[in-house]
Structures are given as structure tokens and as C-alpha cells.
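Everything on this sheet refers to the single structure shown next.
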Amino acid sequence: MIKGLIRLSYRKIIDASSQKAWDKYVFDDTYQEFYMQAQSYNQDNTYSTFQELLTHVPEADKLHYLTSRAAIGYIRQLNGIVPEIVNASGKLCLPFTQFKFEILQSHLQNKELHKVAISFYSEPLTWIDTIGNSLLIAYGDQRQSLHEGKEIETDLLALQPYLNVSFVQTGTLA
């Protein structure tokens, strides 16, 4: 029995403790961009943290977008595949076309306090079943093919921290 269509989201947190090379590049470059962009909202050096800027400077919420520009090239390097989400064979497999960048915290005098999140959003997936702690999925809308008894390619994705079902559409085909 087919469960329906879903979209998955994965929220990747990057901070000073991140160990992977890609994460370190994103950390360094987004901190540098944050530091440079924040100066225009803090010309008299009144505030030290991102939260203080958000609280006291109405336009400071633009720092999310302005800082994200430093991560765009790195996100393109992923070639549309969500990092760290692997199938049962250990292969990166979850395609994404949308993402959201956000600054969780940062400090103008202490780079170690910089922390960002990138949320990756998959295209629709056919949720076939849940097996233990894993989702059996097919890429795209495969409900008609399954309904007709056709053979389709599937993947088994383990549920894990920061992986979320962000959209679901249930129901049967007419």
C-alpha cells in the first residue's frame, strides 16, 4: 500500500566544531561575509552579536540573505545531492532543488561563536512504506506506476536527526 507523496528536508548545522572540509569552508566564508556585512548595520560598534543586531537594527534580518551569498558556491558543489543522507547501501542519494540558509548565532569579535544552518528540501518522493526506522521511497511521483503493478527503482532511507518529512500528500489515485 502506497502511503503518498512526501518531501524531505534536512537541516545541516555548521559551527566551529564542524570537522568536514566542506563544512569548514562554509563556516570560514560565511563568518567572513557576516563580519563584513554586519559592519554596515553596526557602524558605531555598539553591538557584538547577531542577536543584538536583530533586536536593535530593523534591517539586520537581511544578514541571513547577505551572508548566504558566501555559501552559494559551496552548495553548488553538492550537485543537487543533500550531504550526509545516504541510502541503505551507504550512497548519497537524496536530490534537492531548494535550500534555506540562516544564521543561528554569530559574534563580531569571536568567530568560534558563529553558527549557521542550511536546510535542504527534496523534490516530491513517493513514500511506499516505513520499514523499521527507514522510509522506502521512489523518486518523483510513482503512484500510477505502482498502482499498475510496474517495477520501479526504490531507496531505503534511515530516519535520523535533522531529517524531516516537511510535506505529505496522501490519498488514492482516481
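Restricting LEU108, LEU136, LEU92 to those that are modelled with pLDDT of 95 or more, out of contact with any His (no Cβ under 8 Å at 6 or more places or on another chain) and open to solvent by less than 20 Å² (accessible area, probe 1.4 Å) reduces the list to LEU108. Among residues of the stretch 103-125 that are among the acidic types (Asp, Glu), those with a beta-carbon under 8 Å from a residue that is surrounded by fewer than 20 Cβ atoms within 10 Å (Cβ to Cβ) at least six positions away or on a different chain give the pairs GLU112/ALA16; GLU123/ARG7; GLU123/PRO95; GLU123/THR97; GLU123/TYR139; GLU123/GLY140.
Modelled with pLDDT of 95 or more and open to solvent by less than 20 Å² (accessible area, probe 1.4 Å): is that true of LEU113 in this structure? Spelling it out, it is not the case that LEU113 is modelled with pLDDT of 95 or more and open to solvent by less than 20 Å² (accessible area, probe 1.4 Å). Pairing residues of the stretch 32-54 that are touching a residue at least 60 places away in the same chain (Cβ under 8 Å) and in a helix (DSSP H, G or I) with residues that are of a type in the set (Gly, Ala, Ser) and surrounded by 16 or more Cβ atoms within 10 Å (Cβ to Cβ), at Cβ distances under 9 Å and at least 6 apart in sequence or on separate chains, gives PHE34/ALA70; PHE34/SER106; TYR35/SER106; ALA38/ALA60; ALA38/SER106. Does the stretch 47-56 include one or more residues that are surrounded by 13 or more Cβ atoms within 10 Å (Cβ to Cβ), in contact with a Leu (Cβ under 9 Å, 6 or more places away or on another chain) and under 30 Å from LEU156 (Cα atoms)? No, every residue in the stretch 47-56 fails to be surrounded by 13 or more Cβ atoms within 10 Å (Cβ to Cβ), in contact with a Leu (Cβ under 9 Å, 6 or more places away or on another chain) and under 30 Å from LEU156 (Cα atoms). Just one of the listed residues (TYR65, TYR10, TYR25) is of a type outside the set (A, V, I, L, M, F, W, C), on the phi < 0 side of the Ramachandran plot and over 16 Å from the mean Cα position of the chain (by Cα), and it is TYR25. Exactly one residue among ILE14, ILE6 is at pLDDT 95 or above and farther than 16 Å from LYS111 by Cβ, and that residue is ILE6. Only a single item in (1) aromatic (Phe, Trp, Tyr); (2) open to solvent by less than 20 Å² (accessible area, probe 1.4 Å); (3) part of a strand (DSSP E or B) is not met by PHE27, and it is number (3). Is the stretch 68-84 home to any residue that is within 25 Å of GLN160 (Cβ to Cβ), surrounded by 13 or more Cβ atoms within 10 Å (Cβ to Cβ) and in contact with a Ser or Thr (Cβ under 6 Å, 6 or more places away or on another chain)? Within the stretch 68-84, one or more residues are within 25 Å of GLN160 (Cβ to Cβ), surrounded by 13 or more Cβ atoms within 10 Å (Cβ to Cβ) and in contact with a Ser or Thr (Cβ under 6 Å, 6 or more places away or on another chain).
When the stretch 13-24 is filtered for residues that are assigned to a helix (DSSP H, G or I) and free of Cβ contacts under 8 Å to residues at least 24 places away in the same chain, the ones remaining, listed by number, are ALA21, ASP23, LYS24. Being over 30 Å from THR49 (Cα atoms) and assigned to a helix (DSSP H, G or I) is the filter; apply it to the stretch 100-159 and report the residue that is farthest from the chain's Cα centre (by Cα). Once the filter is applied, the top-ranked residue is HIS147.
The values are calculated or read from the model by the stated rules, or taken from the named source; none is laboratory data. If you're wondering where the values come from, they're calculated on a predicted model, not measured in any experiment. Positions of Cβ are generated from backbone atoms using ideal geometry, with glycine treated the same way; all protein chains shown enter the neighbour counts. Protein only, heavy atoms only, side chains kept; ligands, DNA and RNA dropped before computing areas. Shrake-Rupley method; radii C 1.70, N 1.55, O 1.52, S 1.80 Å.
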